[in-house]
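The values are calculated or read from the model by the stated rules, or taken from the named source; none is laboratory data. Since the model is a prediction, treat every value here as computed from it, not as a measurement. Cβ sites come from the backbone with ideal geometry, for glycine too, and all protein chains shown count toward neighbours.
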Amino acid sequence: MEISDTMPLKKPSVKWTSINLGIIGLLFAIVGNLYPETMMQKHLYLGCGILLLMSAALEKAEYFIALEVVVIVSAFLAYLPEHGALKMAVPLVLSLFSIVYLYYRGLLQSSHSLLGVAGLVFLGLGYATLNPIIYLLGGVVLTVYSAISYYKGVSIALLWAVLNAIFSFTALFSLI
């Protein structure tokens, strides 16, 4: 008799997998804040975006999927040596496309969704330029947006609110 015959292995639920990916991803971002303007920060931010995209996809959370696409592209832009208009334009254009997509999907119906849009733009710009003031602003705005989303019944948003608050604190700490 084999073990598998007596003790079936349980697959982790999608919910727990999503939560764990989200926690690990935001921990990458938090640690990345402690290494400002380094290659380590770029790697951690890119890893963060990929893990959070996976978490959002498992939850089928379209707003957070759009956010993480902007974050991943912005994290790739951080590897470019140029600090000019390209690093500002690409996240802005991608954010605009995300906003239009979310609008047509009916996900920008409430006034609180404007907070989410602002957080999307600021976080994308901050990741592309590695500017802690800009991604601090994005983190604070996304903390508020996530808290409101949780209050409105999006259970995974509580995780995002807590971890974005920690992310914001570490971004603030990197400025001191």
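Quick notes on this one:
- Which numbered condition L52 misses (of (1) more than 10 Å from the chain's Cα centre (by Cα); (2) more than 21 Å from F173 (Cα to Cα); (3) touching a residue at least 24 places away in the same chain (Cβ under 8 Å)): (1)
- Checklist (1) under 21 Å from S98 (Cα atoms); (2) of a type outside the set (A, V, I, L, M); (3) buried (at least 23 other Cβ atoms within 10 Å of the Cβ) applied to F167, failing item: (1)
- All positions within segment 58-92 that are of a type in the set (A, V, I, L, M) and assigned to a loop (DSSP other than H, G, I, E, B): A61, A78, L80
- Residue-level analysis places G47 outside the set of residues that are surrounded by 22 or more Cβ atoms within 10 Å (Cβ to Cβ), modelled with pLDDT of 90 or more and of a type outside the set (F, W, Y).
- Segment 100-112, residues that are without any contact (Cβ under 8 Å) to a residue 24 or more places away in the chain, within 21 Å of V144 (Cα to Cα) and part of a helix (DSSP H, G or I): Y103
- Checking each residue of segment 143-156 against the condition of being assigned to a loop (DSSP other than H, G, I, E, B), at pLDDT below 90, more than 16 Å from G25 (Cα to Cα) and in contact with a Pro (Cβ under 8 Å, 6 or more places away or on another chain) gives no match.
- Per-region count, segment 50-60, residues more than 10 Å from G22 (Cβ to Cβ) and of a type in the set (A, V, I, L, M, F, W, C): 3
- On inspection, F97 passes the criterion of being at pLDDT 85 or above, loosely packed, with under 15 Cβ neighbours inside 10 Å and farther than 23 Å from A165 by Cα.
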